[in-house]
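Data block below; observations after.
FYI, it's all coordinate maths here, none of it is from the lab. Model, not experiment: these values are computed from the prediction. Neighbour counts run over all protein chains shown; Cβ positions are idealised from the backbone, glycine included.
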Amino acid sequence: MKKTTLISIVLFCFSIILIGSFSSFKTGLVNQTTQGCFCHNMPTDSAILRLLNAPVNGFVAGQTYSLSIEVENLNFLDTAHRAGFNLAVSKGSLQAGPGSRLSMTELTHEQPATLQSGKATWNFTWQAPSTNDTGDVTIFVAGVVANGDDLASSSDVEGMTTFTIAKANPVNLLTIETGSISLSPNPANTFLNINLDQEMVDPNVSIRNLYGAVVEPETLRQGKKRICLNTTMLANGIYFVSVQAANKMAIAQFVIHNH
């Protein structure tokens, strides 16, 4: 009788261990971004992962960005399936948003998210690396869509991928002349006087932002070398006057301070 009771207790304990070994981690896991989730028996590359709101012109060192990660599988449109994720970055720091948590330096879900039209989304913030860091940033993501039975199942699917965010390249001031343009006042508030070197032939003038994108093209009358630029429509920040002439190229930096 005692032997039978002991065997029953051992089997009961062993069954608990097995259930614990194969049941899912509802509060999420980390260190799964490159190897996949070990707690689900699933085919890979079946869950689509998307990084939303990433800076398309590259990141600025030290700036904070509000991003989102989306996990999708349109084969599961029911409300029984749940989704989770794990996210890590090569540089910078992460901060969890609603429904996610920070574990060590990585993000994961707090609880599995119910799919909405086959998708689940989590918001988070990422602070770009400091000015001492250079090069692109890689974001590693693993996502899973599970059937909600809390057990490893062949009907669960996962995906793994990486996203790259490049560092923004400010206009290179070392390869072009800077003495052919004079600007005043600088910082500017409502207007900026742009005076060009008289030796410039047929100059084309444009106003560019920190990423080199044209925000304001300017037209000069033939033979004229001076522009009074209305700056009230420009947001506060750093800009460049870029001049492409037939005989030379020049650039000068100015600051808008409207407040």
What is the dipole size for segment 181-256, taken about its Cα centre, with +1 at each Lys and Arg Cβ and -1 at each Asp and Glu Cβ, in debye to the nearest 20? 80 debye
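On full extension of the chain, what length is gained from Y211 through T164, given 0.36 nm per residue of separation minus the C-alpha to C-alpha distance?
On the way: separation 47, 0.36 × 47 = 16.92 nm, distance 1.76 nm.
Once the chain is fully extended between Y211 and T164, it gains 15.2 nm.
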Would you mind ranking M249, M160, M104 so that the residue whose beta carbon has the fewest other beta carbons within 10 Å leads the list? M104, M249, M160
Amide hydrogen neighbours beyond the local backbone of K91, cut-off 5 Å, H modeled: T138
Full-stretch length increase - N123, A235 - with 0.36 nm per residue and alpha-carbon distance subtracted: 37.6 nm
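Going by how many other Cβ atoms sit within 10 Å of their own, how do I238, I139 line up, fewest first?
Numbers: I238 13, I139 22.
Exposure proxy ranking, most exposed first: I238, I139.
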